[in-house]
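These notes are about the structure you will find just below.
The values are calculated or read from the model by the stated rules, or taken from the named source; none is laboratory data. Model, not experiment: these values are computed from the prediction. Using ideal geometry, Cβ is built from the backbone for each residue, glycine included, and neighbour counts are taken over all protein chains shown.
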Amino acid sequence: MKSSSHYMDRMIDSIEMVAAVFVGIVAADIFFSVLLRYFFHFSIPDGYDFGRLLLGILIFWGIAATSYRGTHITVDLVWGVVSPRRKRLIDIFATLVLLFVVTVQTWTLFDKVRSTYADNVQTFDLNLPTWPFFAVAWAGDVSAVLLIAIRTYRLIFQPELIEGKDYLKPVE
C-alpha cells in the first residue's frame, strides 16, 4: 500500500514539474519576443503562433497541476458550514464531476489533435505542423484526468493522504 502511494506521489510531483517547466518556457518566449522586438526591431518567425500554441499547452498542464492539490479558485458557501463527513462527501461529488468534465474535454481535445494532423495545419512563417503542440496539450489533459482519478481514489479510500497540512487551508 505504501509503495503505491509513493509511486502516485512521484507521478504527481513529475506532472507538476512538467507544468512548471511550461510556465518557464512561456515566460522565456514572451521575454525574448519583447526584447528582440523593442531593442533589435526583429521578431521571431512564427513568434505569435508559438506563443499562442505554448499558452494552450500551459493552460492544459496548469489544469493538471491544480486538479490534484485543489489549489484552484473555489466558492464554498455550503461546504464551510457542514460537518466534516459532509464536507468529504461534497469533495467526492465535486471531484467526480470534475473528473467527468475533464475526461470529456480530453476526448474532444484528442479529436482536435487528430483533425489538426489530418488537415496538415501549419504555422504561418515556417510552415511547421501544429499538431505536435496540440498533442502536448492533450498529454497535459490526460495528466489532469490521471491526477483527478488519483484524488478521487484518495478522497474515498485514503483521505488522510489528501488532508495534509495544506488541505483546505482558507484564503485570508
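So which of Phe93, Phe134 ends up being aromatic (Phe, Trp, Tyr), modelled with pLDDT of 90 or more, part of a helix (DSSP H, G or I) and within 21 Å of Val18 (Cβ to Cβ)?
Phe134
When you look at Leu98, is it over 20 Å from Ala135 (Cβ atoms) and of a type outside the set (Lys, Arg), yes or no?
yes
Mind checking which residues of the stretch 124-153 are over 18 Å from the mean Cα position of the chain (by Cα), touching a residue at least 12 places away in the same chain (Cβ under 8 Å) and more than 20 Å from Phe110 (Cα to Cα)?
Residues satisfying the conditions are Phe124, Asp125, Leu126.
Take Phe22 and tell me if it is out of contact with any Gly (no Cβ under 7 Å at 6 or more places or on another chain) and surrounded by 15 or more Cβ atoms within 10 Å (Cβ to Cβ).
It is true that Phe22 is out of contact with any Gly (no Cβ under 7 Å at 6 or more places or on another chain) and surrounded by 15 or more Cβ atoms within 10 Å (Cβ to Cβ).
Between a residue in the stretch 85-111 that is touching a residue at least 40 places away in the same chain (Cβ under 8 Å) and any residue that is part of a helix (DSSP H, G or I) and of a type in the set (Gly, Ala, Ser), which pairs come within a Cβ distance under 8 Å, given they are 6 or more apart or on different chains?
Leu98/Ser67; Leu99/Ala149; Val102/Ser67; Val102/Ala144; Leu109/Ala137
Just checking, how many residues over the stretch 90-123 are within 18 Å of Tyr153 (Cβ to Cβ), surrounded by 13 or more Cβ atoms within 10 Å (Cβ to Cβ) and either out of contact with any helix residue (DSSP H, G or I) (no Cβ under 7 Å at 6 or more places or on another chain) or not hydroxyl-bearing (Ser, Thr, Tyr) (or both)?
8
Pick from Glu163, Glu172: which is surrounded by 15 or more Cβ atoms within 10 Å (Cβ to Cβ) and modelled with pLDDT under 85?
Within the list Glu163, Glu172, the selection yields Glu163.
Restricted to the stretch 6-19, and to residues that are without any contact (Cβ under 8 Å) to a residue 60 or more places away in the chain and more than 17 Å from Arg154 (Cα to Cα), which residue is surrounded by the most Cβ atoms within 10 Å (Cβ to Cβ)?
Checked the stretch 6-19; the qualifying residue surrounded by the most Cβ atoms within 10 Å (Cβ to Cβ) is Glu16.
I'm trying to understand the selection: among the residues of the stretch 26-59, which are free of Cβ contacts under 8 Å to residues at least 40 places away in the same chain, of a type in the set (Val, Ile, Thr) and surrounded by 14 or more Cβ atoms within 10 Å (Cβ to Cβ)?
Val26, Ile30, Ile44
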